[in-house]
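These notes are about the structure you will find just below.
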Amino acid sequence: MEQSRLIPRISPKGVFVFMMILFFGMLLLSIPLKYIHLSETMSAFLSAGISAAIGIGIVLTKIDGKTTDKRLNRQRIRIAIIVGFATSALMTFVFGGDLLG
């Protein structure tokens, strides 16, 4: 089976790094966002989105998908941002009870 060039196969190391970035990002970014008078829901959304985008971006470009092709890295970064904020919105607003609650 041929592996996709855009999305590489994710290793357990990549999953671990992503989860650690997401965990510490949620822990550390939500506090300053609350201090600038954002609601708890919005600060959770932004901290999860930023952390997930950074985590996915690092995993796709540095850990599991090492490449020298700059165009491919830009596409992977775009995918990381889209997927990071989309899953953050799902976690925060839909499954968090604010939208369907």
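Points to keep in mind about this one:
- Eligible lysines near Lys62 by straight Cα distance, threshold 25 Å, same-chain separation 8 or greater: Lys13, Lys70
- Here the 3J(HN,Hα) profile of segment 42-54, calculated from phi with Karplus coefficients 6.51, -1.76 and 1.60 at θ = phi - 60°, is 5, 5, 5, 4, 5, 5, 5, x, 5, 5, 5, 5, 5 Hz, Gly and Pro shown as x.
- Point-to-point label distance, Thr68-Met91, nm (Cα→Cβ direction, 7 Å offset): 3.6
- Residues of segment 57-79 with amide N under 15 Å of the 7 Å Cα→Cβ point at Ser11: 58-67
- Spread of Cα-to-Cα distances over 5 Å intervals beginning at zero, given as percent, for the chain: 2, 14, 20, 21, 17, 12, 8, 4, 1, 0, 0
- Adding -39500 (n - 2.57) for every DSSP H run of four residues or longer, then dividing by how many residues the chain holds, sets the calculated 222 nm ellipticity at -21500 deg cm²/dmol.
- Label reach from Ile79 (point 7 Å along Cα→C-beta): in segment 20-61, amide nitrogens under 18 Å belong to 52-61.
Just so you know, all these numbers are worked out from the coordinates, no wet-lab data involved. As the structure is a prediction and not an experimental result, all values here were calculated from the model. Note that each Cβ is placed from the backbone with ideal geometry, even for glycine, and that neighbours are counted across all protein chains shown.
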